[in-house]
Amino acid sequence: MRIALMTNNYKPMMGGVPISIERLAKGLEALGHQVTIFAPTYKEQQEEENVFRYSTCMNHFIGGIVLPNPFDRRIEKEFENNAYDIIHVHHPMLIGRTAVRLSRKFNIPLAFTYHTRYEQYLRCYTGNIAKFDGFMVGYLHTFLKHCDFVFAPTAGMQQYLVNRCGMELESTGILPTGIEQANYMVSKDEGDEIRRRYGAEGIPLLLTVSRMAHEKNVGFLLESLARVKQSFDRPFRVLMIGDGPDRGILQKRSEELGLGDQVIFTGTVPNEQIAPYFKAADGFIFASKTETQGIVILEAFAGAAPVIAVKATGVEDLVEDGFNGILTGEDTEEYARKLTGFLENICISGQSEERNEIVRTMSENAYRTGILYREEMVAFQALRYYNNIIEVKRSAGEQKKKSIRLLLGRV
């Protein structure tokens, strides 16, 4: 099968959508299928055989991402020269409209994954809630009519598409982001090396991985950690991994809150090197409310790190309070109180880490949850969906032709 994956952002940009697409492509290729990723051009990009780079209008757009040029004529030329069996687009705007047009012109089935709570992003950058909620729901409702099938990464997001965006349940399916096998195979020694590198031997180590941008709510974590410092009378360390337009502002705020000894901003860690960080962490802290799934949550689970997160759609589908993590409201006092309780349940003895029964069980449950999302399982699931979408499209086309012949026969 020849598959076109189309996106508005991709490597070298770090983010959930690029990671999801890369892993899906790898899984499908491992099953023997041809995959082409249509992605915008970046100055720092590395050339890859299966990535078709189309042009970019602006190198710096909202939140530090690029503004792609979906009207690049070379995209259509590629479809003219190669017969694709299915288009799987990952954004409803820009390249999403191009995907709709190409689907119609070349009669190719069109699938879409709803990765991003766009109305939440718009709230972060405009502050207008009601206006943009209505706009995005209306836009999605129109866009989704052009799709043959729509994927949601979680059951909660699937219900959102049905209840808020008017999708028929049978035209939707759940397709999470797969987690690479290597994430489950990290040794304790690799995790211990990370702890040594950042001076976290013998003390609790927390981790977050995020773009340093307003919509990720990292500022909330800093405010909460300042409260934790006041109530938890022992040393602890927090690694904040990632980069983005707000990194400088957040580092300055961390210093203002007196967190200079506790919080370390590491910058970006390449995806292929990130797994030992999750293995090293006692817990993963998370406050974003714009996720449809939260790939980093699953990566934390693969590293057996319980997740302490703000309740939000997508997050609640993965984190079960008291089972594989802790859920809180978006309140710094509540978050700090529960995080402090989590830290107090971690008992450190010398150079070896010994967790009490509560934390140890939560860690084991996190790992068991993560196992369900292995990359190869997701690729198999995607392929089953693709075959069904293609078959339904073909059958519908044959039925339409038959109806036309019958109609013409009556004239």
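General observations
- Ratio Rg/Rh, restricted to region 143-212 and using Cα atoms, in which Rh is the Kirkwood radius: 1.26
- Cα coordinate range in region 143-183, projected on the principal axes (Å, largest first): 38, 19, 16
- Taking the DSSP bridge list for region 1-103 and keeping only pairs wholly inside it, about 15 percent are antiparallel.
- Debye, to nearest 20: dipole size of region 214-261, +1 on Lys, Arg Cβ, -1 on Asp, Glu Cβ: 120
- Among the protein heavy atoms of the chain, carbon and sulfur supply 51% of the accessible surface, probe 1.4 Å, non-protein parts ignored.
- Extension gain (nm, one decimal) between I249 and F380, 0.36 nm per residue minus Cα-Cα: 42.9 nm
- In terms of overall dimensions, region 254-407 has a Cα radius of gyration and Dmax of 22.1, 83 angstrom.
- Selection from L221, H33, G325 lying farthest towards where the dipole of the chain points positive, charges on Cβ: H33
- Between N163 and R196, the contour length at 0.36 nm per residue exceeds the alpha carbon distance by 7.0 nm.
- When the trypsin sites (Lys or Arg not before Pro) in region 247-352 are filtered for DSSP coil states and for at most 13 other beta-carbon atoms within 10 Å of their beta-carbon, the remaining sites are K311.
- Look at the dipole of the chain built from charges on Cβ: of I19, I3, G397, the Cα furthest out on the positive end belongs to G397.
- The solvent-accessible area of I358, taken with every protein chain present and a 1.4 Å probe, is close to 100 Å².
- Rounded to the nearest 0.05, the FRET efficiency derived from the C-beta distance between K77 and L31 at R0 = 25 Å is 0.35.
- Net charge dipole size for region 277-324 [Lys, Arg +1 and Asp, Glu -1 on Cβ; Debye, nearest 20]: 140
- Anisotropy class of region 163-298 from Cα gyration tensor, a/c 1.5 cut: oblate
- Overall Cα dimensions of the chain, principal axis frame, Å, largest first: 87, 41, 39
- Euclidean distance between Cα centres, region 134-154 to region 275-290, Å: 30
- Region 43-117 - convex hull of the alpha-carbon atoms, volume per residue in Å³: 111
- Summing Cβ point charges (Lys, Arg +1; Asp, Glu -1) relative to the Cα centre of the chain gives a dipole of roughly 1880 debye.
- Residues in region 20-47 that a label on N59 would reach, taking backbone N under 18 Å of a point 7 Å out along Cα→Cβ: 40-47
- Given R0 = 56 Å, the distance between the Cβ atoms of R337 and E398 translates into a calculated FRET efficiency of 0.35.
- Rounded if a/c under 1.5, otherwise prolate or oblate - region 1-85, Cα gyration tensor axes: oblate
- Full extension of the segment from K43 to A155, taken as 0.36 nm per residue of separation minus the current Cα-Cα distance, would add 36.6 nm.
- Take every Cα pair under 8 Å whose residues are at least 6 apart in sequence, average their separation, divide by the length of the chain, and the relative contact order is 15 percent.
- Computed per residue of the chain from DSSP H runs no shorter than four, each worth -39500 (n - 2.57), the mean residue ellipticity at 222 nm is -14000 deg cm²/dmol.
- Spread of Cα-to-Cα distances over 5 Å intervals beginning at zero, given as percent, for region 221-293: 3, 12, 24, 25, 21, 11, 3, 0
The values are calculated or read from the model by the stated rules, or taken from the named source; none is laboratory data. Keep in mind that this is a model prediction, so the values were computed, not measured. Neighbour counts run over all protein chains shown; Cβ positions are idealised from the backbone, glycine included. Note: areas computed on protein heavy atoms with side chains; ligands, DNA, RNA excluded. Shrake-Rupley method; radii C 1.70, N 1.55, O 1.52, S 1.80 Å.
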